Each structure stands twice: as structure tokens, then as C-alpha cells.
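Take a look at the structure set out below.
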Amino acid sequence: MLGQDKTIGFIGLGNMGGPMTRNLLKAGFEVIGYDLQASLCEQAAATGLSIKSCVADVAAAADIIITMLPTGAHVVSVWADVAKSARPGALLIDCSTISVEAARASHKLAAEFGLQSLDAPVSGGVEGAMAGTLTFMVGGHQAARERAQAVLSAMGRRVVACGGDGAGQAAKICNNMLLGISMVGTSEAFALGKKLGLTHQALFDVLSTSSGQCYALTTHCPVPGPVPNSAANRAYKAGFASRLMLKDLELSQVAASSTQTATPLGKAARDIFLEMEARGDGEKDYSAVIQLIEAQ
Ligand code: NAD
């Protein structure tokens, strides 16, 4: 059910943003959008979005403005433009994956202009964005969270309140650090199992029903066969690109160092994905890390 906020501005119509806007349209919202890439604007217009010629024009015409952009620097700079042109009392929601510091700087910017704001990064990838089954991890004030419920529910299945400003990004960074570590560990187990003479299927059957069970194994299994939909069955075509996993692991290490937290396995995983990038494998699915491990 739609609330009072019927017009949604959406900035960043890429792999994630594009499909997310389609679910907003399906739910009955009017969606106006903008992306630096003209081809993406044309594709979005064909699905029913009304396209504006700049960020400020989107901000001036919307009740809620959502950003889905590559990095924290993009978000802070776009929010600076949005804040100047937004309607009084508008709500700004950033769904990108960025650092906790950049998220807090964005909230501060919004507050200076009397605007409500949330950081609401997502889990679920492009598939979840298309299916409308994303999980949103939300940081910010309760009133803003309640106001955002209808719009976030139109794009996702779960909306988790994580705490105050930046708490959504904090949760996202911890989750993806754990996912990166689990994928490296899962890949090491398969590499070792193979050398010990185990078939992939036999090891999968044991791990998936034993204490080694985890999401990296059961959903993104790094060897072909046991999980038919995993990227290993399509020559590691992403999926979740390893360069994006590297970005998230870098964010985890910035957060670990700013909070003086020891994350030796997070650091090791970061170094391993850095090596993948150096090998020219940044576009491969992150489960292709098993190829690097087996090559060592
Ligand atoms: P993408 O590169 O496909 O899309 C980002 C879009 O932002 C691009 O189309 C780009 O042109 C646009 N953009 C950049 N600067 C802009 C500006 N100033 N004004 C307007 N548009 C601008 O990236 P994506 O895969 O959609 O990811 C977006 C965010 O979501 C990232 O932070 C990423 O880490 C996060 N994320 C991605 C996935 C995934 O599986 N792709 C999953 C979870 C989270």
C-alpha cells in the first residue's frame, strides 16, 4: 500500500538501480530518474520512468529520493546537489554500499538542509533486485525508517532496522567481510578435498549437512556440479563480481582500522581478492577465487 509519498526520485539506474525502479513502478509509485549514462536513461524511460536531465531536477520533483551509486564519493557529491534542490521535508535514502564515514557525512548533509535520511544498503544482488526480494539494512532515525517502509518493501522482502546513522552500512560491511572469508575457506576445503581424492559431490554432500555448512557453499558453491545455479557452472561469469567483493573487503579494512579492530581473516581475504584483481580476474564471479587458490 502506498503512503503519502507517491513520487520517487531515483539516481543511478545501473545493474541494481534499473531493476529496483521497475519494482517501484509495479507497486504503483511514480518514478522519476537520472543516470549519467544516456543509454540507461533510455532503457529506463522505456519501462515507464520519467527521465530528468540532472540530479537537481529529480530532487525538486520527488517526495523521496533514492541513490544507487558506485562509491561513497559519488553519494556525497550527488547528495550535496540533491539537498540544495529537494522539497522541504523530503526523505533521502542511499542504497549503495559505501563506508560508514561516507554514510554519516551524507546524513549530516541532509540534516543541515532539514531533510530526513537513511542509509539502506542491500543484500541479494542483481537477481534480488529483479525479483524484488532484496534485504535492506537500514540506519537512521525511526521516523524516517517508518516513512520508508512502503517504498523499501516494494523492492525487497526484508527491511532490517540496524540502528542510527551509518548502522546499515556497518551491518553490510560485516556481512560481506564474513561472506568473503567464507568463500575463501570453502574454496580451500574443495582444493584440499580434491588433492585427498574426494569428489566435489561427496565433499559437498558432507559439508552441506555438517558443521562446515555456509551460504558460500550452498548458494555460490565454487566448484561445478553440486549447486546447478552457481557461477562455477558457467565459467565463473558473475554473479557477484570479485572486484565488488574486493571493494567491500577494502571497506571492512578501513572500518577495522578506524575502530582498531583486529580482523586478520578479513585482511587475508582482502589480500587474496587484491591478487585476483591483479591477475585480471576482477570481472569473474567472486567464487572464482578457487582458481587462484588451486594455482598457488
Ligand atoms: P552500476 O555501476 O551498474 O550502477 C551505478 C550507476 O550510477 C551507473 O549507471 C552510473 O552511471 C551511475 N552514476 C554514477 N555517478 C552518477 C551521478 N553523478 N549521477 C547519476 N548517475 C550516476 O553499479 P551497481 O551494480 O548497480 O551497484 C550500485 C551499488 O550497489 C554499488 O555501491 C554496489 O557496491 C552496490 N551493490 C551491488 C550489488 C551487485 O550485485 N551489483 C549487490 C549489492 C550492492
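Coordinate-derived values only; no laboratory data. For clarity, every value in this text was computed on a predicted model and none was experimentally measured. FYI the Cβ positions are ideal-geometry reconstructions off the backbone, even for glycines, and counts take in every protein chain you see.
Summary of the geometry: the range 39-57 and the range 73-96, compared by the centres of their Cα atoms, lie 17 Å apart.
Restriction of the trypsin sites (Lys or Arg not before Pro) in the range 248-296 to DSSP coil positions whose beta-carbon has at most 16 other beta-carbons within 10 angstrom yields Arg279. Build a GNM of the chain with springs between Cα atoms under 10 Å apart, and of Val206, Val82, Val227 the one that fluctuates most is Val206. An oblate overall shape is assigned to the range 99-187, the ratio a/c of its alpha-carbon gyration tensor axes (a ≥ b ≥ c) being 1.5 or greater and a/b not exceeding b/c. Axis of helix 142-153 versus longest Cα principal axis of the chain: the two differ by about 70°, to the nearest ten degrees.
A cut-off of 5 Å between modelled amide H atoms, ignoring neighbours fewer than 5 places along the same chain, links Phe10 with Ile32, Gly33, Tyr34, Ile66. Of Lys195/Lys284; Lys52/Lys108; Lys108/Lys284; Lys194/Lys267; Lys52/Lys237; Lys6/Lys172, which sit over 31 Å apart, Cα to Cα? Among Lys195/Lys284; Lys52/Lys108; Lys108/Lys284; Lys194/Lys267; Lys52/Lys237; Lys6/Lys172, the Cα-Cα distance tops 31 Å for Lys108/Lys284; Lys52/Lys237. For the chain, the relative contact order comes to 13 percent (Cα pairs under 8 Å, sequence separation of at least 6). Converting phi to 3J(HN,Hα) with the Karplus coefficients 6.51, -1.76 and 1.60 and the offset θ = phi - 60°, the range 173-179 yields 5, 5, 4, 6, 5, 5, 5 Hz in sequence order, with x at every glycine or proline.
Legend: P(r) of the chain from all alpha carbon pair distances, 5 Å bins from 0, whole percents, reading 1, 6, 12, 15, 17, 15, 12, 9, 7, 4, 2, 1, 0, 0. Where only DSSP H runs of four or more residues are counted, the chain gives -16000 deg cm²/dmol as its mean residue ellipticity at 222 nm, each run worth -39500 (n - 2.57).
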